[in-house]
1. Quick check on packing: order 67-79, 99-111 by the mean number of other C-beta atoms within 10 Å, highest mean leading.
2. Quick one: which residues, 5 or more positions from V61 or on another chain, have an amide H under 5 Å from its amide H? H modelled 1.01 Å from N in the peptide plane, none for Pro or chain starts.
Amino acid sequence: MNQTKRTGLMVLLVSAILLLVVGTVQAQDSGSISGAVYLDVNGDGRCINTGVTGEVPVEGVTIEFTSSDEATVVTLTTASNGTYGLAAAGQSYWRVTAKPDATKYVVTSENPLYAPVLPETGLVQTDFNFCVSQGTNAVIILPESGAAASNTGFVWVTAVLGLALIGVGIVLEVKRRQI
């Protein structure tokens, strides 16, 4: 076997191993976001463990998840116990928005909430809870402005590495054809 064929096989083997590693890392990069929606009887924006009678879970509230690059939008509905959960959420700084039926409820807690599903903050995010009130006696609490930028460093490194491997392959093919 000549040197060019060995080099070509080595590049192919290294490429296959890198693709396998990248696929494994990406599979381990998913996380989850969960929370619940509760009735806010007095409309004060607090509804969890307050001791106020009637502040119970609310079923059927739409929860929207939007990734920081806005490329992924997922919509779920709360269960009979008021809970929701997005399993296999990719790494992102997710915007979680409660969107109840406007003819029945108004959100009294901060809305939207931001869930950082990132290795440095934890891939499992819990207790992203919302309060909703019936009627117009609610005090609306506005969210803080701004959100953290997305973590795209891994994507750029992978893209540059992939382009470098393609370049090496092209150079080897040109050299092979010159022989």
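Where a number appears in this text, it was derived from the coordinates with a stated rule and is not lab data. Source: prediction; values computed, not measured. Counting neighbours? That spans all protein chains shown, and the Cβs are built from the backbone with ideal geometry, glycine included.
1. Working: 67-79: 14.4, 99-111: 16.9.
Per-residue mean Cβ counts within 10 Å order the peptides as 99-111, 67-79.
2. Those qualifying (amide H under 5 Å, at least 5 residues apart or on another chain) are T78.
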